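Enquirer: Can you keep this structure in mind? I'll have questions shortly.
What follows draws every value from the coordinates through simple rules; no lab data is involved. Please read these numbers as outputs of a predicted model, since none were measured by experiment. Cβ atoms come from the backbone with ideal geometry, glycine included; neighbour counts cover every protein chain shown.
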Amino acid sequence: MAALRETRTGANAPSARAESGDAVERAKRHLVQPWPLAGSIGTEARALIGEGEGIYITDGDGKQLIDGPAGMWCVNVGHRREELARVMYDQAMALSYNTPWYTMNAPSAELAQRIAAYAPGDLDHVFFTTGGSSAVETALRFMQFYNNVRGRPEKKLILSRGGAYHGSTYLSASLNGRPRDRDWMDGADELIVKLSSPNPFRRPAGLSVEAFADFLVDEFRDTVARVGADRIGAFVGEPVQASGGVIVPPDGYLKRIREICRQNDILYVSDEVVTAFGRLGHVFASEEVFGIEPDMITFAKGVTSGYFPLGGVVISARLMEELRRSNHPDAMFGHGLTYTSHPVGCAVALKNLDLLEGGVLDHARKVAPYFQAQLKTLEELPLVGEVRGAGLMGCVECVADRESRDPLQLDKDVGKRIDAHCHELGLLVRPLINMCVMSPPLIITKQQIDDMVGILHEGISRTMEDLRREGVWRG
């Protein structure tokens with residue numbers, strides 16, 4: 001591994017830069033990027049990343065950057081972990097693939113057992129998928145199957161919330177409630193009932209946070225009464241709305257929603273695609289952080305620290321038992337993926353769990369309060385309306401002024417402006433319209449947090465100067 005590193009960054013650096021240029025041209029001609037705009041679809045090249053090590057990545061020009069988003073919330077144990085690369089190689093040499101339709105492999109069985117041991121309550125059955133979108137899709141299709149088998153074909157509606165992001169497959173994307181996600185895309189709207197975002201920063205004027213929590217719970221209860229519990233199959237919610245801007249709900253809100261779901265036989269699906277596997281300091285956050293025992297938990301991203309595509313759903317034993325006791329023993333859950341329970345992915349996830357258990361989780365819990373405290377210092381900047389977060393995930397939200405909290409008077413790409421300045425200074429952030437989201441690898445040190453926050457401070461300061469100079473913002 002060291003020899004490979006020396007070759008790529010040392011003597012062959014000029015050819016590596018030439019290769020970067022070739023990659024850009026190939027992308028512009030042939031590669032369709034995710035989430036493209038119609039005006040540039042199929043012709044776009046994005047920032048090229050060549051290497052990674054620890055919390056750092058290197059771009060196509062050879063510039064080292066702190067990987068602020070940890071890839072996409074996922075590189076939890078850091079880049080270039082030889083342990084994970086070695087397991088990937090060893091498992092591929094032993095068994096690279098098996099069909100899950102009529103065979104199985106040992107790593108998937110072991111991983112299911114270990115994940116079940118961490119899940120709350122009676123969640124002890126695991127269905128493996130290829131990522132977060134397919135995990136949420138699986139949970140929803142399981143809900144449909146469950147209610148069909150139990151003779152309740154009308155109980156299929158799904159409750160979701162503003163600000164949510166649950167995936168890019170047809171059904172999972174239908175749940176999304178972020179601005180611009182659905183403007184030009186179709187969805188299964190007839191199956192979805194949308195609720196308000198649990199965002200305390202955007203709560204109605206005059207409401208305390210406690211009163212806002214009451215409002216959200218009352219809205220949920222009233223919606224169930226209006227629509228009919230006999231028609232609602234599931235509620236799907238992220239413990240912390242990640243791509244919606246790291247929305248941390250009011251204290252006690254999730255527990256109260258869970259109780260309403262239990263009272264009305266509505267399956268509670270906790271979408272932990274982002275929050276699981278250490279992002280909030282635990283393998284699962286639902287019970288450890290928020291005190292809830294859902295009926296299903298979806299996961300992905302950090303389960304392999306992004307080294308291999310893998311996701312899954314942990315399902316309550318109660319639901320399995322009810323299906324086995326039904327009057328339709330021959331009913332088939334007609335759902336599966338070619339790469340369900342992939343042996344390489346499951347082997348990587350097992351080693352990733354070893355690393356998490358071996359000190360990464362402890363470190364994440366210890367360093368998280370410092371991370372949150374240092375990020376909070378950015379509120380001294382006039383452009384910053386709020387800094388919020390939990391564990392090792394945080395968001396800096398910019399506003400035109402703090403009194404109105406209005407982001408719309410700002411340039412809509414203010415997040416991209418900040419990201420551009422930070423990139424120049426040595427930090428990659430994730431821009432979301434008027435927000436910058438941070439979720440670094442869990443191995444980040446206090447000194448590296450200081451470096452990250454210092455660059456963010458300077459990047460926001462430079463953006464303020466740009467906006468003033470252009471007359472977009474007076475501060």
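Enquirer: In terms of modelled amide H atoms, which long-range or inter-chain residues lie less than 5 Å from the amide H of T129?
Expert: Under 5 Å from the amide H of T129: G311, G312, V313, S341.
Enquirer: Whole-Hz ³J(HN,Hα) for each residue in segment 153-164, computed from phi via Karplus 6.51 cos²θ - 1.76 cosθ + 1.60 with θ = phi - 60°, x for glycine and proline: what do you get?
Expert: x, 8, 8, 10, 5, 10, 8, 9, 10, x, x, 6
Enquirer: Which GluC sites (Glu not before Pro) in segment 386-475 pass both tests, a DSSP loop state and at most 11 other beta-carbon atoms within 10 Å?
Expert: Those satisfying the criteria are E403, E470.
Enquirer: For N264 and M72, what does the FRET efficiency come to when R0 = 30 Å and r is the distance between their Cβ atoms, rounded to the nearest 0.05?
Expert: Here the calculated transfer efficiency is 0.30.
Enquirer: Once every DSSP H run of n ≥ 4 in the chain is given -39500 (n - 2.57) and the sum is divided by its residues, what mean residue ellipticity at 222 nm do you get, rounded to the nearest 500 deg cm²/dmol?
Expert: Counting only the DSSP helices, I get -12000 deg cm²/dmol.
Enquirer: Rank these for me by crowding, V248, V136, going from fewest to most other beta carbons within 10 Å.
Expert: V248, V136
Enquirer: What nm value, rounded to one decimal, do you get for the distance between A116 and E82 when each label is placed 7 Å out toward the C-beta?
Expert: 3.6
Enquirer: Can you work out ³J(HN,Hα) from phi for every residue in segment 210-226, in order, using Karplus 6.51 cos²θ - 1.76 cosθ + 1.60 and θ = phi - 60°, giving whole Hz and x for Gly and Pro?
Expert: Result, ordered by residue: 5, 5, 5, 4, 4, 4, 5, 5, 4, 4, 4, 5, 5, 5, 4, 5, 6 Hz.
Enquirer: What is the order of T223, T103, T304, fewest Cβ neighbours within 10 Å to most?
Expert: T103, T223, T304
Enquirer: Right, something else. Sequence gap at least 6, Cα distance under 8 Å: using those rules, report the relative contact order of the chain to the nearest whole percent. Display every interim value, and only then the final one.
Expert: Numbers: 898 pairs, mean separation 90.5, N = 475.
Once normalised by length, the contact order is 19 percent.
Enquirer: For D401, list long-range residues whose amide hydrogen, built 1.01 Å from N in the peptide plane, is under 5 Å from its own amide hydrogen.
Expert: Correct list: D406.
Enquirer: Projecting each Cα onto the charge dipole of segment 114-186 (Lys/Arg +1, Asp/Glu -1 at the beta carbon, about the Cα centre), which of T129, Y118, N147 comes out farthest on the positive side?
Expert: Positive-most Cα among the choices belongs to N147.
Enquirer: Moving on. Take the alpha carbon gyration tensor of the chain, find the square roots of its eigenvalues, order them as a ≥ b ≥ c, and report rounded if a/c is under 1.5; if not, report prolate when a/b exceeds b/c, else oblate.
Expert: Oblate.
Enquirer: So which GluC sites (Glu not before Pro) in segment 93-199 end up in coil per DSSP with only 15 or fewer other C-beta atoms within 10 Å? Before the final figure, lay out the partial values.
Expert: Numbers: sites: E110, E137, E154, E190; in loops: E154.
Hits after loop and neighbour filter: E154.
Enquirer: Evaluate the distance, in nm, between pseudo-label points positioned 7 Å from the Cα of R46 and of F145 along their respective Cα→Cβ axes.
Expert: 3.2
Enquirer: Please list 3J(HN,Hα) in residue order for segment 66-75, calculated via the Karplus relation 6.51 cos²θ - 1.76 cosθ + 1.60 where θ = phi - 60°; whole Hz, with x for glycine and proline.
Expert: Couplings: 5, 7, x, x, 6, x, 9, 6, 10, 7 Hz.
Enquirer: Another one. Check which residues have an amide H placed less than 5 Å from G50's amide H, if you skip close sequence neighbours.
Expert: When sequence neighbours closer than 5 places are left aside, the close amide H contacts are T58, D59, G60.
Enquirer: Counting pairs on different chains as well as pairs 8 or more places apart, how many Lys pairs in the chain have Cα atoms under 19 Å apart?
Expert: Final tally of qualifying lysine pairs is 7.
Enquirer: Would you mind getting me the FRET efficiency between E403 and M93? Use the beta-carbon distance for r and R0 = 51 Å, nearest 0.05. Before the final figure, lay out the partial values.
Expert: Values: r = 62 Å, r/R0 = 1.22.
Efficiency for this residue pair is about 0.25.
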